[in-house]
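Here the structure comes first, spelled out in structure tokens, and everything after it is commentary.
Only the coordinates and a few stated rules stand behind these numbers; no lab work does. All values derive from a computational prediction rather than experimental measurement. Neighbour counts are summed over all protein chains in view; Cβ atoms, including those assigned to glycine, are modelled from backbone coordinates with ideal geometry.
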Amino acid sequence: MDNSINQRPSVKNCHVCQGARFYYLFSVSDYRVVRCDDCGLVFLNPQPSDAELARIYHAHYFLGSDTDAGRQTVSELKQATARFYLAEISRYCGSQSGQLLEIGCGDGDFLVSAESAGWQVTGVEYSPDAAAKARQRLKNGDVKCGELHAAQLPTAQFDLCVISDVIEHVRSPLDFLKEIYRVLKPGGALFIATPATDSWSARLMKQKWMEFKPEHLTYFDRQNLQTALFQSGFREILVQPGWKILSFEYIQMHFQRFPVPLVTPGLNCLARMLPRSVRQRQRQIIASGMMVFSRKAALRPSPVLSVVVPAFNEANTFGALMEILLRKELPNLQMEIIVVESNSTDGTRELALKYRDHPRVKLLLEDQPRGKGRAVRTGLAAATGDYILIQDADLEYDLEDYDGLLEPLVAGRAAFVLGSRHGGRNVWKMRQFTGQHSLSLFVNLGHWFFTTLINVLFFQRLRDPFTMFKVFRRDCLYALEFECDRFDFDFELLIKLIRKGYRPLELPVNYRSRSFKEGKKVRLFRDPMTWLKALSWLRFQPIDPMKVVEQGHGPRLSEKTKKAEPL
């Protein structure tokens, strides 16, 4: 038996969330592929030994390196992709110059393109042969051979770090990202290109996916890679489809090196039918990955929770809510309370003004009521915490559920949590109005109808998408625009987060519905019409976060609304 097999390092805890519940999926060669049951990260366990990886990363590891013609073709494609990446990085950063670091630079195709574009470049490359070739091709840049931690780069030196098809190769992704955090300047940008397990090719090919290789140790999806970045100190995270510049000839070459049943022979057959000019033509296509942009952020001594409290005509419960909130203690979390008071007529504003000087309260006063959604959006724009929780002022929800809702976010198992009122066995318990059984049935049937509609339109399996208890990382809102003012904002927030790539985790919470006589503000006929309208445009409206970044960093309020007056 090969002794290197006995030297394979085992992974005891998930790289992202530190969970220990792994589910075996299948094997690649004789390497086990497992998935973390908590955050969904897929990885090899145990990992190949150093000796096995050294055999994999031979001198001809890079595709097309066997012949001069192959090397030339691959180099042209990589430089075309590099120019595309640089253009996207410029859209995100708003800059086209500075100190650039590329980790895993290979033969230097990206560095050559970046240097030509005006960047001062440095590369780090594990392969001695590739590092030597890259060094020869650069005019002024430098390439260091070895792993990142061994390069001993100065702290806070670089404006931009690029890792293209690299992070899936490293043994400890979080340690790797934290070292990148160290060498970046404050506000420095990080660009990642990597395969994604929620890409179209991964979903289609399943365990035959071409990215499942022994040297690929970790496989991220859009959500758990953002969590890894968040835990490593990066914010303003933006994920885009993984476009690359490829040719049919290159794709065929890839599947010859890494055969896939049916796909490889199909491509070989098609290649014999296509003219050479068609086979070699460069095309921009979505491959199997994602492009991820982020920035180094200042670290806090301890994370902060922003509780957004929209308040309008809630004098009966507002004071009690605030006293409970101000007494609430959360382990290892500080709390800021953002009250948005919408010029109530029942004395709520006077109650709110009592807290204007409290150090944990940020009070925002609207000159007129414009709807709950508008008030929540105002609060979101003022929030500075790492996590956000929306809390109505009517005490329908139990504040004792905060700990359970926040735990998956803090642990890294989720980015977006819904407190489900349908979390228990009795799915009809939500709205029980005393002496109004017909009204209770009508409202619950409406809930079922709209829940089903959302699940069908957006391919979800949610039980309570309308819950007020929406808890998420503030960074999830980055580069999103919001415009709904009434209760349709619940739809807008949920669906835009889903379309941005976040999977809601539903957890059961305690709930006591107040009746319309007690002050419930939903209008039984007006509001459902706004919900239907919102669902129609939310389903088909394009969402382009990169465009929002270019225009001004999100989250943003609609231009048609005015900001509340802070105190």
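Points to keep in mind about this one:
- Adding -39500 (n - 2.57) for every DSSP H run of four residues or longer, then dividing by how many residues the chain holds, sets the calculated 222 nm ellipticity at -11000 deg cm²/dmol.
- Each 20 Å bin from zero up to the one holding the largest Cα-Cα distance in the chain carries the following percent of pairs: 19, 49, 26, 6, 0.
- Couplings 3J(HN,Hα) for the range 283-290, derived from phi with the Karplus relation 6.51 cos²θ - 1.76 cosθ + 1.60 (θ = phi - 60°), are 9, 8, 9, 8, 8, 10, x, 9 Hz, where x marks Gly and Pro.
- Length released on extending from T384 to F459, taking residue separation times 0.36 nm less the Cα-Cα span: 23.8 nm
- Taking label positions 7 Å along the Cα-Cβ direction at both A298 and R279, the computed distance is 5.8 nm, reported to one decimal.
- Checking the cross-link pairs K213/K296; K12/K144; K12/K208; K178/K372 against a 28 Å limit on the alpha carbon distance flags K213/K296; K12/K144; K178/K372 as lying beyond it.
- Whole-Hz couplings from phi, Karplus 6.51/-1.76/1.60, listed for the range 159-168; x for Gly and Pro: 7, 8, 10, 10, 10, 10, 6, 10, 4, 6
- Here's the list of aspartates and glutamates a cross-link from K500 could span, going by alpha-carbon distance under 15 Å and ignoring same-chain residues fewer than 8 apart: D198, D221, E236, D475, E481, E492, D544.
- Extension reserve of the D198-R503 stretch, reckoned as 0.36 nm per residue once the Cα distance is removed: 108.6 nm
- For the range 312-346 versus the range 403-417, the spacing of their alpha-carbon centroids is 22 Å.
- Against the compact-protein benchmark of 2.2 N^0.38 Å, the Cα-based radius of gyration of the range 86-210 scales to 1.09.
- Over the chain, relative contact order from alpha-carbon pairs under 8 Å, at least 6 apart, %: 12
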